[in-house]
């Protein structure tokens with residue numbers, strides 16, 4: 001059962017990065033549906049740079065691996081954000097359409113190079129970036145075998161904790177600083193912000209590009225840590241990217257909510273693996289017959305139904321949020337619309 | 001003088017165009033596609049070192065080289081077009097139906113299920129085809145109505161609701177695939193009724209995909225007329241422009257939303273029926289294959305004109321097929337097509353700016369006078 005919580009946190013971290021970046025972007029009024037594409041770009045840039053470095057150097061140094069992959073992933077994703085920003089902010093294209101195109105493009109680029117990397121490395125799943133992966137997976141010694149608390153919360157690589165720091169930092173930035181206030185003003189009412197002397201275009205550009213960079217970290221974490229430095233072009237990152245977009249709504253645009261939301265999504269995603277154990281525990285606890293609760297004895301097909309849970313949970317939250325209509329849970333007022341000074 | 005703050009007039013001023021001749025706007029779009037091909041050529045050249053012209057020739061051969069290949073391109077065009085037609089009314093109403101992927105899948109599941117359970121010959125193929133079409137329409141409509149009802153009653157965000165419905169549909173498909181797998185343990189359904197061909201589209205004019213073309217072309221014309229000349233189409237347009245205006249004119253936005261999404265979902269469900277009964281004869285989670293997302297862009301770029309959608313769908317299907325050909329010929333990988341598609345779409349999206357706005361250069365003298 002401890003494993004369930006461990007994998008929930010690791011899974012949650014991937015989408016937490018994606019969601020944090022998207023929160024920053026959406027707070028500036030840009031609904032970027034290109035998150036899956038951006039996470040793809042971050043993932044492949046990290047993987048490719050690590051692969052290039054490790055094949056060029058005989059004895060790769062862990063710290064250098066970290067810096068190279070970090071910079072590469074951030075730049076590649078921010079570049080994706082820049083394309084989106086240029087089209088939607090400067091050229092005033094429709095945000096949803098541009099975002100979806102970015103998803104197609106990012107997925108294409110990443111899988112194209114991912115496939116090429118696989119071929120270079122001699123077959124699927126043969127990419128070896130052992131040093132980088134090890135560097136990312138370094139945890140505090142002894143925690144993996146300690147008591148349950150250490151195993152669940154303290155046995156991860158540093159990216160898991162970085163995501164938490166980032167979530168708190170984003171909360172402080174948005175709610176306690178002048179720049180954060182300006183950013184939110186741009187997302188709520190750009191005309192007013194403009195009149196108050198805030199450079200709307202600049203804020204939107206920076207928020208979207210940096211947000212994309214943060215989202216891309218999710219892709220990086222996924223490739224180098226979560227799947228240990230391989231590339232599989234099955235569209236997994238795409239599903240994760242959409243989950244990250246859903247998480248933004250789930251957390252009602254609050255980065256602190258996103259933390260537990262992400263872990264909850266992770267929990268629901270992996271729950272199906274542990275349902276049979278749950279059944280045994282329930283039977284033991286309630287003194288039931290050995291044949292009871294057959295419904296929890298999952299077959300390969302009913303497992304698939306269980307995997308719907310995170311999506312159903314998101315739908316439920318969407319409905320509840322719209323029913324309650326609390327003002328602080330609403331999206332930024334100008335989300336998804338472009339701002340053109342002369343069109344007022 | 002130097003201490004006085006002067007506001008610098010920007011070098012380029014952007015203003016909205018009042019209008020542009022149709023031929024001129026199409027010229028701009030054509031230029032955008034050419035720029036895109038140039039950019040993609042640079043991409044191919046820099047990554048692979050292959051001669052882009054050769055690659056483009058190979059693409060052309062891959063998509064239209066033989067009659068057989070041409071028909072595959074047509075089949076894919078019709079599939080993409082069908083989904084785009086389904087999305088058109090929803091998007092014209094500014095209802096962001098990102099859920100076409102799921103609506104196609106449930107239509108496909110319904111079709112595949114009927115093919116399997118009624119495939120023993122107890123019902124004749126024409127009757128079965130009609131039954132499958134109706135059930136897939138209903139399944140798609142149901143998938144579209146669920147988010148529409150919540151949107152209409154409580155204003156629930158439809159973009160994310162429909163997006164999540166995709167994944168529910170994908171898991172439902174995985175469930176059915178595991179349930180119907182054939183042979184056992186393969187985790188694929190395999191070609192359904194391979195011997196008997198019960199429930200397969202019959203050949204029309206000696207062509208396997210003749211019926212696909214007929215159904216989709218009828219829909220193309222039908223949707224064009226519906227959106228442009230019917231009262232309901234008018235309601236959709238008004239609601240899309242302004243909900244308050246629609247309310248003021250006595251329309252009931254909720255009813256229009258639900259009705260339109262039922263139509264939208266139903267046509268996407270029908271696309272699933274065509275994909276299963278008329279093309280692949282099997283069902284898998286990749287039956288929709290991301291086309292539900294691509295179709296959104298098709299519908300939007302065509303400004304909901306179904307005939308323009310036909311053109312854009314063809315271009316995209318052509319690219320897809322062409323890219324698959326170069327992938328096998330030059331040992332590249334399939335995803336090159338997505339890269340090229342992305343570049344072309346980016347360019348077309350960008351070109352809309354030059355159609356809607358014009359840039360006015362600052363007149364130097366005038367600025368100095370101030």
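The values are calculated or read from the model by the stated rules, or taken from the named source; none is laboratory data. Being a predicted model, the structure only gives us computed values, none of them experimental. Glycine also receives a Cβ, built like all others from the backbone with ideal geometry; neighbour counts cover every protein chain displayed.
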**Study point:** Meets criteria (in contact with a helix residue (DSSP H, G or I) (Cβ under 7 Å, 6 or more places away or on another chain), away from chain B (no Cβ under 14 Å) and either free of Cβ contacts under 8 Å to residues at least 60 places away in the same chain or buried (at least 22 other Cβ atoms within 10 Å of the Cβ) (or both)) for residue A:58
**Key:** no
**Study point:** Members of the range B:147-187 that are at negative phi and part of a loop (DSSP other than H, G, I, E, B)
**Key:** B:156, B:157, B:181, B:182, B:183, B:184, B:186
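Hey, among A:108, A:37, A:114, which residue is modelled with pLDDT of 90 or more and surrounded by 22 or more Cβ atoms within 10 Å (Cβ to Cβ)? Write out each step before concluding.
Values: A:108 fails: modelled with pLDDT of 90 or more; A:114 fails: modelled with pLDDT of 90 or more.
The conditions single out A:37.
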Check your understanding: In the range B:274-293, is there at least one residue being within 9 Å of chain A (Cβ to nearest Cβ), touching a residue at least 40 places away in the same chain (Cβ under 8 Å) and under 16 Å from residue B:86 (Cβ atoms)?
Key -> yes
Revision key, fill the gap. The one condition residue B:162 fails out of (1) away from chain A (no Cβ under 12 Å); (2) buried (at least 19 other Cβ atoms within 10 Å of the Cβ); (3) at pLDDT 85 or above is (1)
Practice item. Output the residue which, of all residues in the range B:352-370 that are surrounded by 11 or more Cβ atoms within 10 Å (Cβ to Cβ) and assigned to a helix (DSSP H, G or I), is modelled with the lowest pLDDT. Key: B:367
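Is at least one residue of the range B:335-351 more than 21 Å from residue A:102 (Cα to Cα) and crowded, with 17+ Cβ neighbours inside 10 Å? So that I can check it myself, show each step before the final result.
Quick first cut of the range B:335-351, residues more than 21 Å from residue A:102 (Cα to Cα) only: none.
No: the range B:335-351 contains no residue that is more than 21 Å from residue A:102 (Cα to Cα) and crowded, with 17+ Cβ neighbours inside 10 Å.
For every residue, the table says whether it meets (1) within 18 Å of residue B:109 (Cα to Cα); (2) away from every other protein chain (no Cβ under 11 Å); (3) out of contact with any helix residue (DSSP H, G or I) (no Cβ under 7 Å at 6 or more places or on another chain).
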site	(1), (2), (3)
B:155	no, no, no
B:209	no, yes, no
B:225	no, yes, yes
B:240	no, yes, no
Review point. Which condition breaks for residue B:338 when tested against (1) touching a helix residue (DSSP H, G or I) at 6+ places or on another chain (Cβ under 6 Å); (2) at pLDDT 85 or above?
Key: (2)
